[in-house]
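This report concerns only the one structure given below.
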Amino acid sequence: MLPVSGIHHIALICSDYERSKQFYTEILGLTVINETYRAERRSYKLDLALNGVYILELFSFPDPPPRPSRPEATGLRHLAFAVTDLALTISLLQAAGIATEPVRTDVLTGKRFTFIADPDGLPIEYYEQ
C-alpha cells in the first residue's frame, strides 16, 4: 500500500483567468496563497486555500479546449465542498447571482446537497454535514 496521507490539491484549467479568479476568491471565498505568471507559457498559476489549507491550483493557458461535463464524461466529475448550513449557503450563492440546482438528498447518507457551476461550467457540489 502506498503511504498516501491525504489529498494535496486539485488543479483546474480555466478559460478566462480573471473571471475564474474572481469567482473562486470573491464568490467561493478561497484565499490566494501565491499568484505566478509564467511568461514562457503565457499562463497564470494561482494557489488557493480554504480555511488556511492549500486546496486548489487554478491555471490559465491560451485557448484551452473545452472539457465536456454533461452528459457525464470520463475524468473529473465535480468538486464538493462541505457546508454546515445548506439553506444559508444557497441563499448566499443566489444573492451573488449564482444559480443553484434543486436540493437533493443522498439516498445513502440522508444528507442534502446542491450543485452550482463555475465560470467554465465545472460542477461544484455543496454537501451539508
Q. Which shape class applies to region 1-64: rounded if a/c is under 1.5, otherwise prolate when a/b exceeds b/c and oblate if not, where a ≥ b ≥ c are the square roots of the Cα gyration tensor eigenvalues?
A. oblate
Q: Taking the dipole about the Cα centre of region 77-129, with the C-beta of Lys and Arg at +1 and of Asp and Glu at -1, give me whichever of HIS78, LEU108, ALA96 is farthest to the positive side.
A: LEU108
(Q) Can you say what percent of the DSSP beta bridges in the chain, counting only those with both residues inside, are antiparallel? Round to 5. (A) 65 percent
Q.
Let's see if you can work this out: charge +1 on each Lys and Arg Cβ, -1 on each Asp and Glu Cβ, no other charges. What is the dipole magnitude of the chain about its Cα centre, in debye to the nearest 20?
A. 180 debye
Q: Please sort by residue number the chymotrypsin sites (Phe, Trp or Tyr not before Pro) in region 68-129 whose DSSP state is loop and whose Cβ has at most 14 other Cβ atoms within 10 Å.
A: none
Q. Magnitude of the Cβ-charge dipole of region 77-129, K/R +1 and D/E -1, about the Cα centre, nearest 20 debye?
A. 140 debye
Q | Degrees separating the helix 86-95 axis from the principal Cα axis of the chain, which is the longest one | A | 50 degrees
Q: Take the alpha carbon gyration tensor of region 77-129, find the square roots of its eigenvalues, order them as a ≥ b ≥ c, and report rounded if a/c is under 1.5; if not, report prolate when a/b exceeds b/c, else oblate.
A: oblate
Q.
Per DSSP helix of 4 or more residues, -39500 (n - 2.57); summed, then divided by the residues of the chain. What does that give at 222 nm, rounded to the nearest 500?
A. -3500 deg cm²/dmol
Q. Rounded if a/c is under 1.5, else prolate if a/b beats b/c, else oblate: with a ≥ b ≥ c from the C-alpha gyration tensor eigenvalues square-rooted, which is region 46-94?
A. oblate
Q. Amide H to amide H under 5 Å from PHE61: which residues, 5+ apart in sequence or cross-chain, H placed 1.01 Å off N in plane?
A. CYS14
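No lab work stands behind these numbers, since they all come straight from the coordinates. If you're wondering where the values come from, they're calculated on a predicted model, not measured in any experiment. Ideal geometry is used to build each Cβ from the backbone, glycine not excepted, and the neighbour counts take in all protein chains shown.
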